[in-house]
1. Aspartates and glutamates within cross-link reach of LYS143: Cα-Cα under 14 Å, excluding same-chain residues under 8 positions apart?
2. Dipole magnitude of the stretch 1-155 about its Cα centre, charges +1 at Lys/Arg Cβ and -1 at Asp/Glu Cβ only, in debye to the nearest 20?
3. Pairs to check: LYS41/LYS288; LYS23/LYS72; LYS145/LYS261; LYS41/LYS217; LYS145/LYS196. Give those whose C-alpha atoms are more than 29 Å from each other in this structure.
4. Per the 1.4 Å probe, what fraction of the accessible area of the stretch 223-297, in percent, lies on carbon and sulfur atoms?
5. Would you work out what percent of the accessible area of the stretch 44-187, with all protein chains in place, is carbon or sulfur (probe 1.4 Å)?
6. How large is ³J(HN,Hα), in whole Hz, for each residue of the stretch 76-89 in order, when computed from phi with the Karplus curve 6.51 cos²θ - 1.76 cosθ + 1.60 and θ = phi - 60°, using x for Gly and Pro?
7. Determine the sum of side-chain charges near GLN272: Lys and Arg each +1, Asp and Glu each -1, restricted to other residues whose C-beta is under 12 angstrom from that of GLN272.
8. When the helices in the chain are scored as -39500 (n - 2.57) per DSSP H run of 4 or longer and the sum is shared across all residues, what 222 nm value do you end up with, to the nearest 500 deg cm²/dmol?
Amino acid sequence: MLQGTLFTEQQADGAYYSSYKEKFIIMDNLNEKGDPVIKAKPEIYNTYYTYVTIVTRGTLHIRIGGTLLDVKANEYLVVMPCMSIEVLESHCMYCCFLTQNHIVNDIYEHSGLGSNISVRSFTFHHIRMTETDTDILVQSYFKIKREHMRPDSSFKLASLRALYCAYLVRLHELKKTADDEINHHPDTRQRIFFDKFLEFLSVYCKQERSVQFYADKLRITPKYLSNITNMFAGTSSSTVIDQYVIYSIKQALYTNDHNIKRISEIYHFPSQSFFGRYFKRITGMSPKSYVKYLNQE
């Protein structure tokens, strides 16, 4: 599995592909004739992007966090960050939009969407639509595609952000009822534990990073907790904790609420150097390099 890999043109496998500074990526095979074949792709542990994929014809076979899904025509799939994604050989026509997580969170916060929907890592949403709804979303996608094809300008990032905000609003307008969502995880005892684990992470991630702590909070063994996270996130409980902490830290660095030293204190690292080693072990870059990457505009 490729850990935290940025999505590349090679992974698009011949489909139309466009990346704006790795912040907004689109890909589709909507212009292909007949019954387009999608080759199987290596599993990726995604920490960078929120995925939105719409299938207009055929069936996309994909495994998310160990769960096998068949996404059919007039259905869309939203994959939040910190999930493993494996595309299996498929025959389908689709369009896909990938946006860096901190940008999506910022859009949710400033558009008002965040208060109306569940926005968190380690989740995915598989939604049925009508054919009319699919056409509406595809036309919105083409607006974004045209902006990608326009020559670069000082306003392009703002324009793409505005178009994607409108796209997200339309996406959630079309999800009219809970019946539209296909539930791949019934409310079993294990699922309840997993959801409670994520809830505890959101509360304690700044203070606690040990599997034992969260297992004790849930009153289960660390081994059982790891079995649960492998079932629903496709990875160990220690990896879930680390990725959740890093996901939270990245958002704090993006919003520039605190400097690196202060963030290391807020998240209760023994020292700034320890924090730097922890961040680099998981992301492959230092906190300073990550901030520089965010500010390269």
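1. Result set, ordered by chain and number: ASP28, ASP135.
2. About 120 debye.
3. Where the Cα-Cα span goes over 29 Å, the pairs concerned are LYS41/LYS288; LYS145/LYS261; LYS41/LYS217; LYS145/LYS196.
4. Ligands and nucleic acids excluded, carbon and sulfur reach 51 percent.
5. 52
6. With coefficients 6.51, -1.76 and 1.60, one gets 10, 10, 10, 10, 7, x, 6, 10, 7, 10, 10, 8, 9, 4 Hz.
7. +3
8. -14000 deg cm²/dmol
The values are calculated or read from the model by the stated rules, or taken from the named source; none is laboratory data. In this text the structure is predicted, and so the values were computed from the model without any measurement. In this analysis, Cβ positions are derived from the backbone assuming ideal geometry, glycine residues included, and neighbour counts consider all displayed protein chains. In case anyone asks, the SASA skips ligands and DNA or RNA and just uses the protein heavy atoms, side chains included. Shrake-Rupley method; radii C 1.70, N 1.55, O 1.52, S 1.80 Å.
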